[in-house]
Amino acid sequence: QAGFDFDPAWFSPQHEFRFPLIGSVELRGVGIELRHALEPWQLMGESSSASGTSRYVDASLERIQVLARGLDTNRFALSVNGRAAAMQPTGRDGEAVIGVRFRAWKQASSLHPSIGVHAPIHIDLVDNLLARSVGGCRYHVSHPGGRNYERLPVNAFEAESRRLSRFYREAHTPGTIRLTPARPSLEFPFTLDLRQS
């Protein structure tokens, strides 16, 4: 814009580092891609601890980006944990996006402690004519079996295998699915907040 010749591809390494790919799946000509997104953690305030005063943050929230390519909104809809996602156009033909904010785990001190955990995240491609899921995927925040890792990964290959094991491409919701039409938030139209019913 200021006369500098910038190639957007130069920023791809920074984008991949900050917003790593969780996984992608192709269903009926619709490509669905999940990436990590930014979620600010709220400061809880000062609390007393054994060593003095501490400032806890609510680290129980996470956000992911769901990008759909080739999505015909007249025929298909995306649902996230059974809720219709109000996909927003990106400006590219047939491409839409939504950010999903959810409670990833329960911690001892957090805002809104009565709101439960939303993980794992189930994403379905719902055929509006058949009222059925034609496919989907599932993302686990931590180990899919619910166990804790006993040690840190020894190298990048082990870390990558742990990340890959948390995304399932062959996961969908069986049976009839009746989605109520998605209404985007007036304040945050690009975010589906699973904490709000």
Going residue by residue through segment 135-145, is there one that turns out to be within 18 Å of Ala84 (Cβ to Cβ), among the hydrophobic types (A, V, I, L, M, F, W, C) and either touching a helix residue (DSSP H, G or I) at 6+ places or on another chain (Cβ under 9 Å) or modelled with pLDDT of 90 or more (or both)? yes
Selection from segment 23-72 of residues that are assigned to a loop (DSSP other than H, G, I, E, B) and at pLDDT below 85: Ala50, Ser51
Looking at segment 84-99, I want the residues that are modelled with pLDDT under 90 and have a partner that is part of a strand (DSSP E or B) and not aliphatic (A, V, I, L, M) with Cβ atoms under 8 Å, at least 6 apart or on another chain. Which pairs are those? Gly94/Arg69
Residues located in segment 168-197, provided they are closer than 12 Å to Arg83 by Cβ and of a type in the set (A, V, I, L, M): Ile177, Leu179, Ala182, Leu192, Leu194
Condition test on Asp124, is it of a type in the set (D, E, K, R), part of a loop (DSSP other than H, G, I, E, B) and farther than 14 Å from Ile22 by Cβ? no
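Looking for whichever is surrounded by 16 or more Cβ atoms within 10 Å (Cβ to Cβ) and among the β-branched types (Val, Ile, Thr) here; the options are Thr173, Thr180. Which one fits?
Values: Thr180 fails: surrounded by 16 or more Cβ atoms within 10 Å (Cβ to Cβ).
Checking each option against the conditions leaves just Thr173.
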Of all residues being within 15 Å of Glu33 (Cα to Cα), in a strand (DSSP E or B) and among the hydrophobic types (A, V, I, L, M, F, W, C) in segment 78-95, which is farthest from the chain's Cα centre (by Cα)? Just the residue, please. Leu78
Residues being surrounded by 16 or more Cβ atoms within 10 Å (Cβ to Cβ) and either farther than 23 Å from Leu61 by Cβ or of a type in the set (Lys, Arg) (or both) - total across segment 101-127: 5
Tell me, yes or no, whether segment 47-64 has at least one residue that is in contact (Cβ under 8 Å) with a residue 40 or more places away in the chain, in contact with an Asp or Glu (Cβ under 8 Å, 6 or more places away or on another chain) and surrounded by fewer than 16 Cβ atoms within 10 Å (Cβ to Cβ). no
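Working carefully through the options Glu170, Glu158, find the one that is assigned to a helix (DSSP H, G or I), out of contact with any strand residue (DSSP E or B) (no Cβ under 6 Å at 6 or more places or on another chain) and not aliphatic (A, V, I, L, M).
Matching residue, one of Glu170, Glu158: Glu158.
The values are calculated or read from the model by the stated rules, or taken from the named source; none is laboratory data. Quick caveat, the model's predicted, so the values are computed rather than measured. As a convention, Cβ positions derive from the backbone with ideal geometry for all residues, glycine included, and neighbour counts pool all protein chains shown.
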